[in-house]
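A.B. asks: Below: one structure in structure tokens.
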Amino acid sequence: MLLVTSIIAVVLTGMFIKLSLAVISLRRKNKVGLGTGGHEDLERAIRAQGNFAEYVPFGLILIACLELNGAPWWLVAGPGVALIIGRAIHAKGIHTPPPDFSKRVLGMKFTFYTLMTLMVLNLGWTIYKMIG
């Protein structure tokens, strides 16, 4: 069962819905059906949503693999929480005008380090299970 992954996926999905609703709201406000219409706030919202959609699936897949392979809950939950934190910081940094690039960079660092950690954990745990 993927109990820890499920909780992490629920939180991340809620965050994605919030980002998506922000895009929809700005599209309505600015009367833009496709693209940004030259509106900087809409462009930021679209990129916050897009960036989230680009990185989160890899994290969830690696988290699920780790849990499916029998890693302890805390080894699964730790990177999951880090991914949530990284995505929240990034979204706040890119979405709040004017863009706070220090938060955006910090959010991406959290995200990249989490993905790299998940790569190492998955590889290490798999080798450990194969040998042990």
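A.B. asks: Identify, from the list Ile24, Ile63, Ile17, the residue that is touching a residue at least 24 places away in the same chain (Cβ under 8 Å), part of a helix (DSSP H, G or I) and at negative phi.
C.D. replies: Checking each option against the conditions leaves just Ile63.
A.B. asks: Across region 57-106, what is the number of residues that are within 30 Å of Asp41 (Cβ to Cβ), surrounded by fewer than 18 Cβ atoms within 10 Å (Cβ to Cβ) and β-branched (Val, Ile, Thr)?
C.D. replies: Residues flagged as within 30 Å of Asp41 (Cβ to Cβ), surrounded by fewer than 18 Cβ atoms within 10 Å (Cβ to Cβ) and β-branched (Val, Ile, Thr) within region 57-106 amount to 4.
A.B. asks: Filter region 68-111 down to the residues that are part of a helix (DSSP H, G or I), within 18 Å of Gln49 (Cβ to Cβ) and of a type outside the set (A, V, I, L, M, F, W, C) and list them by number.
C.D. replies: If the condition is that a residue be part of a helix (DSSP H, G or I), within 18 Å of Gln49 (Cβ to Cβ) and of a type outside the set (A, V, I, L, M, F, W, C), then Gly86, Arg87, His90, Lys92, Gly93, His95, Lys103, Arg104, Gly107, Thr111 are the ones that fit.
A.B. asks: Something else: Based on this model, can you work out whether Gly37 counts as assigned to a loop (DSSP other than H, G, I, E, B), more than 24 Å from Ile7 (Cα to Cα), more than 10 Å from the chain's Cα centre (by Cα) and small (Gly, Ala, Ser)?
C.D. replies: Working: assigned to a loop (DSSP other than H, G, I, E, B): yes; more than 24 Å from Ile7 (Cα to Cα): yes; more than 10 Å from the chain's Cα centre (by Cα): yes; small (Gly, Ala, Ser): yes.
It is true that Gly37 is assigned to a loop (DSSP other than H, G, I, E, B), more than 24 Å from Ile7 (Cα to Cα), more than 10 Å from the chain's Cα centre (by Cα) and small (Gly, Ala, Ser).
A.B. asks: Then there is this: How many residues are modelled with pLDDT under 95 and among the β-branched types (Val, Ile, Thr) when one looks only at region 119-132?
C.D. replies: 1
A.B. asks: Restricting attention to region 69-80, which residues are closer than 19 Å to Leu12 by Cα and touching a residue at least 12 places away in the same chain (Cβ under 8 Å)?
C.D. replies: Trp73, Leu75, Val76, Ala77, Pro79, Gly80
A.B. asks: Which one is surrounded by the most Cβ atoms within 10 Å (Cβ to Cβ), of the residues in region 40-56 that are out of contact with any helix residue (DSSP H, G or I) (no Cβ under 8 Å at 6 or more places or on another chain) and either of a type in the set (D, E, K, R) or at pLDDT below 90 (or both)?
C.D. replies: Glu43
A.B. asks: While we're on this one: Does region 96-118 hold any residues that are touching a Gly at 6+ places or on another chain (Cβ under 8 Å), at pLDDT 95 or above and aliphatic (A, V, I, L, M), and which are they?
C.D. replies: Those that are touching a Gly at 6+ places or on another chain (Cβ under 8 Å), at pLDDT 95 or above and aliphatic (A, V, I, L, M): Leu115, Leu118.
A.B. asks: Just to be sure, is Arg47 without any contact (Cβ under 8 Å) to a residue 24 or more places away in the chain and either in a helix (DSSP H, G or I) or under 18 Å from Met119 (Cβ atoms) (or both)?
C.D. replies: Criteria not met by Arg47.
A.B. asks: Additional query: Just name the residue that is farthest from Arg87 (Cα to Cα) out of those in region 18-39 that are surrounded by 11 or more Cβ atoms within 10 Å (Cβ to Cβ) and among the hydrophobic types (A, V, I, L, M, F, W, C). Talk me through it step by step, then tell me what you get.
C.D. replies: Step one: list which residues in region 18-39 are surrounded by 11 or more Cβ atoms within 10 Å (Cβ to Cβ), which gives 18-27, 29-30, 32, 35-37, 39.
Restricting the remaining residues to those that are among the hydrophobic types (A, V, I, L, M, F, W, C) gives 19, 21-24, 26, 32.
Details: Leu19: 11, Leu21: 16, Ala22: 15, Val23: 17, Ile24: 20, Leu26: 21, Val32: 26 Å.
Applying the filter and picking the extreme gives Val32.
The values are calculated or read from the model by the stated rules, or taken from the named source; none is laboratory data. Not measured: the values here are computed from a predicted model. Note that we place each Cβ from the backbone using ideal geometry, even for glycine, and neighbour counts take in every protein chain shown.
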